[in-house]
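Here's the structure we're looking at; comments come further down.
The values are calculated or read from the model by the stated rules, or taken from the named source; none is laboratory data. This one's a predicted model, so the numbers in the text were calculated from it and none came from an experiment. Cβ placement follows ideal geometry from the backbone for every residue including glycine, while neighbour counts extend to all protein chains displayed. Just the protein is used for accessible areas: all its heavy atoms, side chains included, with ligands, DNA and RNA removed. Shrake-Rupley method; radii C 1.70, N 1.55, O 1.52, S 1.80 Å.
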Amino acid sequence: MILGIGTDLANIERIAGTLERFGDRFRNRVFTEIEQRKAERRADTAGTYAKRWAAKEACSKALGTGLRMGISWKDMAVVNLRSGQPQMHLTGWAAERLAKMTPPGHRSVIHVTLTDDHPWAQAIVVIEALPEAVDAGDDKRTG
Ligand SMILES: CC(C)(COP(=O)(O)OP(=O)(O)OC[C@H]1O[C@@H](n2cnc3c(N)ncnc32)[C@H](O)[C@@H]1OP(=O)(O)O)[C@@H](O)C(=O)NCCC(=O)NCCS
């Protein structure tokens, strides 16, 4: 069953401006080390950050909280599989929220997809609950 969906569109130019203005203060408040490493070694640094910004916003919507409720940005992080496929990694308050919204006897899977086409970066997040009995290896949708 679907527990939540969220989407967000981020302006890459706005993120580039914030990076220029606030530098490490912005980077370290919002992005994990993994996210920073990925972005900083790319030619399109701002675009890479903007996709991850959009992912965090979209994830907070899928969690049904928004960012006002005290979820820290770094508690919703994007990690890429070797294939390049992105995944959301939740910690702290976000992980607790996910656990609370997951029905008994189920586990949650977070699906995320990212894209960018200058000046826009977009993320869509879907949170799905699967019966605990379904083994991840049997469920092709979990990738
Ligand atoms: C997936 C792919 C179609 C993306 O196409 P694109 O138009 O260049 O890129 P978009 O701007 O629309 O999307 C980029 C995002 O797609 C996502 N993505 C990349 N590979 C993906 C995959 N295998 N499955 C799902 N999503 C993927 C990533 O989130 C990426 O952004 P990020 O790297 O900042 O996290 C393209 O990269 C591709 O064909 N990859 C094939 C696999 C490959 O070459 N892997 C390299 C491994 S080193």
- Message: Ignoring ligands, DNA and RNA, please state the percent of accessible area on the stretch 2-142 from carbon and sulfur, probe 1.4 Å.
- Response: 51 percent
- Message: What translational diffusion coefficient, to the nearest whole µm²/s, does the chain have by Stokes-Einstein, given a Kirkwood radius computed over alpha-carbon pairs, a temperature of 25 °C and 0.890 mPa s viscosity?
- Response: 158 µm²/s
- Magnitude of the charge dipole, the chain, Cβ model with Lys/Arg +1 and Asp/Glu -1, debye to 20: 360 debye
- Kindly express, to the nearest 10 degrees and within the range 0 to 90, the angle between helix 45-62's C-alpha long axis and the longest C-alpha principal axis of the chain. 40 degrees
- Message: If I fit a long axis through the Cα atoms of helix 12-22 and take the longest principal axis of the Cα atoms of the chain, what angle between them do I get, 0 to 90°, rounded to 10?
- Response: 70 degrees
